Amino acid sequence: TPVLKRLEERGLIIRERSKEDERSVIITLTTEGNEFKEKVTMIPNAVFDKTGCNEEEIKSYNKEIRNLLHMLTTEQ
């Protein structure tokens, strides 16, 4: 998929065909991928701390922003 291709190009994952079943692809995080994962797991807490919002408020804002982006990018 395009997302996996971009992650692979950034050196965050490795894609390999399964030896048992070539239809399957095994995806493994690289060292850089693990470091990136550790960094991004801190983002939600940083957002909560900085804004004072709780998880439900953040989800609500996220939904509103996605709806707004959808309205802005679709022809009417």
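The values are calculated or read from the model by the stated rules, or taken from the named source; none is laboratory data. These numbers were taken from a predicted model, which means no experiment stands behind them. Backbone-built Cβ (ideal geometry, glycine too); neighbour counts: all protein chains shown.
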Taking the range 55-69 and keeping residues loosely packed, with under 10 Cβ neighbours inside 10 Å and at pLDDT 95 or above leaves none
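So, restricting to helices (runs of 4 or more DSSP H) that lie completely within the chain, which ones have at least 3 residues that are among the acidic types (Asp, Glu)?
Ranges flagged: 31-40, 55-73.
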Filtering the range 7-41 for residues that are under 15 Å from the mean Cα position of the chain (by Cα), surrounded by fewer than 10 Cβ atoms within 10 Å (Cβ to Cβ) and basic (Lys, Arg) leaves a count of 1
Exception for THR28 within (1) at pLDDT 95 or above; (2) in contact with a Leu (Cβ under 9 Å, 6 or more places away or on another chain); (3) not charged (D, E, K, R) falls at (2)
